[in-house]
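Throughout, read-outs are computed from the coordinates displayed, never taken from laboratory work. Because the structure is a prediction, the values reported are computed rather than measured. All Cβ positions, even for glycine, are placed from backbone atoms using ideal geometry, and neighbour counts span all protein chains on display.
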């Protein structure tokens with residue numbers, strides 16, 4: 001019999017911290033065990049464990065944020081990327097920057113994580129820092145990390161000691177910070193309908209607002225600073241978007257000098273040479289010639305799928321397409337970008353557990369998938385079931401999944417059926433086909449769980 005112990009996250013801060021420490025240690029051990037499996041470090045038929053939201057390239061390595069997992073690929077041959085290692089995390093990987101064998105990870109509500117990636121097959125968490133707001137973007141200018149933390153605004157972190165990063169200061173901005181960039185003593189924060197802020201960061205302990213660019217009617221997604229110009233990707237209300245080029249020679253009085261308007265919403269961008277590479281949502285990838293700041297023009301486009309984020313290296317664009325996965329696109333000829341390969345993804349993977357030849361996945365909408373990896377080049381889905389169905393669609397969120405002995409454990413919640421929250425137990429006599437053995441109704445939504453011996457420890461929200 002499984003016994004259940006609650007940890008109410010709304011009442012016990014100490015319990016929450018203890019659980020977080022346990023979860024971080026568990027993630028670290030799991031990542032090493034998974035990286036050192038008997039099959040070597042090969043792409044699992046090029047399937048990511050979650051939606052692709054972020055990517056970063058350094059040399060022959062590509063770092064991909066796939067749901068709540070950081071993955072490292074060898075892209076020496078971009079037509080056949082090889083999975084070297086991965087690090088499961090508890091928050092979604094929103095952004096990642098790699099400098100000198102350290103990965104700085106924007107991990108959503110879990111804060112900022114610094115990981116040692118000197119050995120890609122054995123990624124190690126060095127530190128995890130909780131920050132005000134939800135961390136969704138990060139820029140590094142040593143010895144500081146400049147973080148976009150939504151309601152927390154622009155956050156500055158001292159990363160002199162990666163084992164012990166320290167919060168230096170933060171500035172709350174209107175509508176929340178989505179992305180940040182910094183150059184020298186100047187930082188900018190893109191804030192959706194809240195506009196584009198510029199800050200003097202010469203004193204990191206007390207950043208000073210210099211100006212706010214009025215962007216009425218537009219949603220500012222991303223901005224990058226280069227020299228005397230800031231390049232701002234935006235979406236128009238209700239449709240379309242574009243790229244504005246802003247003269248910031250005097251950052252206290254920025255002014256727009258160029259504007260390219262298209263029928264697509266522009267999301268994230270990356271500057272490379274004379275071009276801006278833009279993830280254009282339903283427009284895929286759009287390449288803009290920025291040789292003349294006053295006259296940006298479309299150089300080329302790839303409209304083969306969704307573009308949510310982009311990073312460029314060596315004439316290749318790495319386009320994160322959320323549930324459509326990661327696409328590697330050759331931009332050797334910017335006028336005619338060509339798709340090289342697609343690394344697909346599962347839809348909204350919430351948590352994943354590997355046991356033997358199988359990977360067990362809990363998803364949003366709430367449900368379970370079991371993937372047989374006995375043939376690594378051709379994984380097979382052996383089990384697929386959703387929990388809640390109403391109004392013609394599957395509902396709910398699978399919050400966590402684990403395997404202990406011959407049993408599979410799942411915690412999930414739903415906003416239907418009176419807000420039902422469950423702890424589910426499955427038998428794994430046949431690991432390819434979990435057998436439901438019981439459901440325990442929880443009094444509040446689960447946040448995490450651990451099973452030790454015959455006791456399940458479940459962290460929940462306030463009742």
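Cα centroid separation, the stretch 261-334 to the stretch 225-257: 17 Å. Neighbour counts of C-beta atoms inside 10 Å place 237, 222 in the sequence 237, 222, starting with the fewest. Taking 7 Å steps out from each Cα toward its Cβ at residue 292 and residue 122 produces label points 5.7 nm apart. Full extension of the chain between residue 79 and residue 130 gives 14.6 nm of extra length, using 0.36 nm per residue less the Cα-Cα distance.
When the square roots of the Cα gyration tensor eigenvalues are ordered a ≥ b ≥ c, the ratio a/c for the stretch 45-343 is 1.5 or more and a/b does not exceed b/c, which makes its shape oblate. Length gained on full extension, residue 183 to residue 109: 24.0 nm, using 0.36 nm per residue less the C-alpha separation. Reducing the stretch 426-444 and the stretch 112-163 to their Cα centroids gives an inter-centroid distance of 37 Å.
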